[in-house]
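Here is the structure we will look at.
Since every read-out is calculated from the coordinates, none of them should be taken as a lab result. This structure is a prediction, so every number in the text was calculated from the model and none was measured. Every residue, glycine as well, gets a Cβ built from its backbone with ideal geometry; the counts of neighbours run over all protein chains shown.
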Amino acid sequence: MKEKHYTFRLPSKWTKTQALMKNSQVARWVPATKKLTTANLRAMLGQYAMIYIKPDRGSKGIGVMQIAKSGGSGSTVYRCQTGIKVRSFSSYESMEKYVLAFAGIKDYLIQKGIQLTQFNGRAYDLRVMVQIGPRQQWETTGMVGRLAQQGRIVTNGSQGAESVSVDILFPKPQTKRLKARLNHLGLTTANHLQKLYPAIREIGLDVAFDPQFKPWILEVNTFPEPHPFMKLEDQRMFRKIIRYGKAYGRYKGFRV
Ligand SMILES: Nc1ncnc2c1ncn2[C@@H]1O[C@H](COP(=O)(O)OP(=O)(O)OP(=O)(O)O)[C@@H](O)[C@H]1O
Ligand SMILES: [Mg+2]
């Protein structure tokens, strides 16, 4: 018998965003997203005080920049941060020039910036893992917090973020409700994507909570790394993720 080998992926964040927008339930959780053009940059910064720009086919938080404007009309300051590098501009034109040069010739997206919830002064988002289980039904197999390194604008493990249990991050009285909200979001998204892409078997969602704990889907990873779960002391979610994945031909290099 031929060995199973799972290869499905959608590398373009733009394609994935458009797919998510086709379902009104899911679309509510997606921050406004546009392709980076001079016109769209101006429009998005007119509408939002903070935006993110990111490569259409990026990974590990590389090439991601946060742009925040402050001050009133006439004295607006634009603050651009990538990694730990910060540049501030007092004119729109100089900021625009810098941002377009940073993006270069690559396809880039602009997304409404979400003010991430914090824990001990550090921003965090969530990785929610949803997979096809043994009964061929979608199941949320893991959720974990990714706590950014102090002063960073991305929560990728490769940029110093730590994995922290959601039981530690979430305010105690709300933990159950917030977990249920993430579970619902993950399952709804997975079921929708499977209608468009029947071969899909797993998704790893990057979800941000804003200060009101409204969830926002920053990205859907179609070939997610299990590392955020591997780094937790409690290995139960990690083992389940690998076990489920192996059933459809994923995670060959991992033993549990
Ligand atoms: N709109 C946004 N608002 C706030 N933070 C964001 C936003 N978009 C991205 N981020 C931060 O930047 C990180 C990286 O962005 P994203 O997940 O979109 O790309 P990536 O991680 O480079 O891609 P991949 O997950 O495929 O490796 C997110 O995990 C989050 O911490
Ligand atoms: Mg990501």
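Once the principal axes of the Cα atoms of segment 76-225 are found, what is the range along each, listed largest first in whole angstroms?
Sorted from largest, the Cα extents of segment 76-225 read 56, 37, 26 Å.
What percent does the relative contact order of segment 135-240 come to when contacts are Cα pairs within less than 8 Å and at least six residues apart?
24
What relative contact order, as a whole-number percentage, does segment 33-112 give when Cα pairs under 8 Å and 6 or more residues apart are counted? Before the final figure, lay out the partial values.
Numbers: 123 pairs, mean separation 31.2, N = 80.
The normalised contact order for segment 33-112 reaches 39 percent.
Collect residues whose amide H, placed 1.01 Å from N in the peptide plane, falls under 5 Å from the amide H of residue 117; neighbours closer than 5 in sequence don't count.
124, 209
Among 190, 208, 103, which one shows the highest mean-square fluctuation when the chain is modelled as a Gaussian network with alpha-carbon springs under 10 Å?
Between 190, 208, 103, it is 103 that shows the largest mean-square fluctuation.
Can you give the helix-only mean residue ellipticity at 222 nm for the chain, where every DSSP H stretch with n ≥ 4 adds -39500 (n - 2.57) and the sum goes over all residues, rounded to the nearest 500 deg cm²/dmol?
About -8500 deg cm²/dmol.
By how many degrees, 0 to 90 and rounded to 10, does the Cα axis of helix 38-47 deviate from the longest principal axis of the chain?
The helix 38-47 is inclined about 90 degrees to the chain.
Just list whichever of 16/69; 13/112; 34/54; 13/35; 34/106 have alpha carbons separated by over 20 Å in the model shown.
Too far apart for the 20 Å limit: 16/69.
Please compute the contact order of the chain in relative form: average sequence separation of alpha-carbon pairs under 8 Å and at least six residues apart, divided by the residue count, as a percent.
Once divided by the residue count of the chain, the mean separation gives 21 percent.
Report, in degrees rounded to the nearest 10, the 0 to 90 angle that the Cα long axis of helix 236-247 makes with the longest principal axis of the chain.
Around 70 degrees separate the two axes.
Run the simple label-point estimate for residue 21 and residue 101 please: 7 Å along Cα→C-beta, distance reported in nm.
If labels sit at residue 21 and residue 101, their model points lie 3.1 nm apart.
Rule-of-thumb check for segment 33-112: C-alpha Rg over 2.2 N^0.38 Å? Walk me through the numbers on the way to the answer.
Numbers: Rg = 11.8 Å, N = 80, 2.2 N^0.38 = 11.6 Å.
Dividing the Cα radius of gyration by 2.2 N^0.38 Å gives 1.01.
Give me the angle, in degrees from 0 to 90, between the Cα long axis of helix 92-103 and the longest principal axis of the Cα atoms of the chain, rounded to the nearest 10.
30
Rounded to whole Å and ordered largest first, report the semi-axes of the equivalent ellipsoid of the chain derived from its Cα gyration tensor (root of 5λ).
Rounded to whole Å, the semi-axes are 33, 20, 17.
Short version: ³J(HN,Hα) in whole Hz for each residue of segment 81-86, in order, from phi by Karplus 6.51 cos²θ - 1.76 cosθ + 1.60 (θ = phi - 60°), x for Gly and Pro, what are they?
These are the phi-based 3J(HN,Hα) values: 10, 9, x, 10, 7, 10 Hz.
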